[in-house]
Amino acid sequence: MNRNLSQRHDVCLADDQKTMKRMEIALKRSKELDQTANMDQTSSSFDYQLCKDEMWNPEKFSLLYKTWLWNQSTPAQKVKLNQLYWVAYYSQIISAEIATIFFNQTSAAALYGMEDFRIVCDTLDLESAQERAHINAFKKISEQFEVENFGERVFTYPMRTPFEKTMLYSDLNDFQQWWRKWQLNFFTMISSNSPFIGCQYFTVRGLRTLNGKIVQHQLSRYYSEHPDKENSPAPSKISYYHFIDESFHFNTSTVVSHEVINSLPRPSKFETLVGNMALRGCQMDHYNFSTAINGIFWYDPALYQTIYKVLRSPIFNMNDKEAVEAIRKCFCEESEGMLLSHKTHRESVDSYKAYLQDFNYINKENKELSLMASNSLEKHLKNNRKSFETFKRKVA
């Protein structure tokens with residue numbers, strides 16, 4: 001192409017017309033199918049009483065599905081476990097989307113310093129606005145559910161900054177959590193000043209969104225296949241609208257991380273190191289899998305206290321001894337639900353490997369997902385059982 005003499009860079013996105021066209025078409029389609037208005041309307045009119053007695057997800061997406069608790073529950077209790085999955089799952093998504101809003105902007109700050117990257121920045125602006133609508137909808141529904149059923153927070157939390165831990169229930173100790181917060185602050189500075197790291201963030205975002213897409217497509221089908229869509233549960237509609245938006249977000253992550261990045265200068269050794277550290281951090285976040293909630297990589301022992309609160313609530317009305325024993329049976333004994341969660345974890349490892357196979361700057365450990373893949377059902381049960389003994393002594 002004929003360059004404008006004012007351009008400072010040897011490469012620019014406009015040189016890659018195929019990618020430019022893909023970004024332009026994707027942004028146009030995302031605007032046309034933007035679900036913000038539907039999300040806002042549905043969440044603003046949400047009334048828990050109208051859908052309190054019906055499931056919000058396909059049955060298999062229920063809290064502690066196919067564990068001892070599920071098998072012992074009444075039909076009414078199973079409905080609550082199904083609704084609790086929605087609340088717990090989207091509470092985790094809120095945490096991820098708070099981080100997404102922030103890092104969309106730091107990445108855009110770096111990319112806008114390059115020539116012709118406005119189309120990418122405009123796309124990220126739209127996505128950030130959509131994320132705010134998602135967070136608002138998830139919070140309103142989840143908090144109303146918890147007020148009605150518990151009178152206090154269980155899975156929800158007040159709004160937070162992106163520097164809090166992204167994974168709500170993790171195995172990080174206090175020092176590791178402090179270190180992770182310091183790393184996020186450091187990454188903020190680097191990603192807002194390095195176009196490569198700004199783009200590489202979307203490799204990490206792509207993996208996180210890919211994991212979500214696996215589950216969210218199935219959640220969205222509860223509404224899309226509902227026989228009476230108009231009168232279907234509002235949370236199911238929210239799941240469907242969210243999946244549509246997130247499908248475009250995943251496309252953005254894929255195009256930016258796989259193609260837009262090629263319009264940048266080659267990364268320095270330092271940028272390559274930072275990029276691989278970010279991917280290893282994602283492996284650490286996704287190392288665990290949760291018996292309680294299939295599709296979210298929570299650390300089960302960190303959930304014991306929350307599940308204890310659920311079991312002691314009027315939904316199950318267990319006494320202390322019964323609740324502790326229920327936790328042992330659910331988390332320390334192999335069950336169909338545990339196997340299903342492990343299967344989702346293995347599927348995620350395989351899909352992550354496929355997503356990363358074409359990158360030159362990624363090291364062997366990250367391409368092979370060796371850290372995340374090293375977890376196993378045996379390790380999972382061993383950790384759960386060991387931590388249960390400590391939990392039992394604390395509540396005794």
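No lab work stands behind these numbers, since they all come straight from the coordinates. Predicted model, so just to flag it, every value in this text is computed and none were measured. Here the Cβ positions follow ideal geometry from the backbone for every residue, glycine too, while neighbour counts run over all protein chains shown.
Going through (1) assigned to a helix (DSSP H, G or I); (2) more than 30 Å from Lys21 (Cα to Cα); (3) among the polar types (S, T, N, Q); (4) touching an Asp or Glu at 6+ places or on another chain (Cβ under 8 Å) one by one, Ser290 falls short only on (1). Can you find, within segment 81-106, the residue that is surrounded by the fewest Cβ atoms within 10 Å (Cβ to Cβ) among those that are touching a Lys or Arg at 6+ places or on another chain (Cβ under 9 Å) and of a type outside the set (A, V, I, L, M)? Looking at the filtered set, the residue picked out is Ser95. Per the listing Thr252, Thr209, Thr203, the residue uniquely of a type outside the set (Lys, Arg), assigned to a helix (DSSP H, G or I) and without any contact (Cβ under 8 Å) to a residue 60 or more places away in the chain is Thr209.
Scanning segment 332-369 for residues that are without any contact (Cβ under 8 Å) to a residue 60 or more places away in the chain and assigned to a helix (DSSP H, G or I) yields Leu339, Ser341, His342, Lys343, His345, Arg346, Val349, Asp350, Lys353, Ala354, Lys364, Lys367.
Taking first residues from segment 219-246 that are without any contact (Cβ under 8 Å) to a residue 12 or more places away in the chain and partners that are polar (S, T, N, Q) and surrounded by fewer than 23 Cβ atoms within 10 Å (Cβ to Cβ), the Cβ contacts under 6 Å between residues at least 6 apart in sequence or on separate chains come to His226/Ser232. On the basis of being in contact (Cβ under 8 Å) with a residue 40 or more places away in the chain, buried (at least 20 other Cβ atoms within 10 Å of the Cβ), out of contact with any strand residue (DSSP E or B) (no Cβ under 8 Å at 6 or more places or on another chain) and among the aromatic types (Phe, Trp, Tyr), does Tyr48 make the cut? Against the criterion (in contact (Cβ under 8 Å) with a residue 40 or more places away in the chain, buried (at least 20 other Cβ atoms within 10 Å of the Cβ), out of contact with any strand residue (DSSP E or B) (no Cβ under 8 Å at 6 or more places or on another chain) and among the aromatic types (Phe, Trp, Tyr)), Tyr48 does not qualify. The residues on offer are Asn288, Asn294, Asn262, and the sole one that is within 24 Å of Gln176 (Cβ to Cβ) and in contact (Cβ under 8 Å) with a residue 12 or more places away in the chain is Asn288. For the residues Thr106, Thr123, Thr67, the requirement of being among the hydroxyl-bearing types (Ser, Thr, Tyr) and out of contact with any Gly (no Cβ under 8 Å at 6 or more places or on another chain) singles out Thr123. Of the candidates Arg205, Arg266, the single residue that is crowded, with 18+ Cβ neighbours inside 10 Å and more than 26 Å from Phe46 (Cβ to Cβ) is Arg205. Within segment 145-197, work out how many residues are part of a loop (DSSP other than H, G, I, E, B) and acidic (Asp, Glu). Total satisfying the criteria: 3.
Evaluating Gln177 against the criteria (1) within 21 Å of His286 (Cβ to Cβ); (2) of a type in the set (S, T, N, Q); (3) surrounded by 15 or more Cβ atoms within 10 Å (Cβ to Cβ) leaves one unmet condition, (3).
In segment 143-164, which residues are surrounded by 13 or more Cβ atoms within 10 Å (Cβ to Cβ), over 27 Å from Arg312 (Cα atoms) and touching a residue at least 60 places away in the same chain (Cβ under 8 Å)? Within segment 143-164, Pro162, Glu164 qualify.
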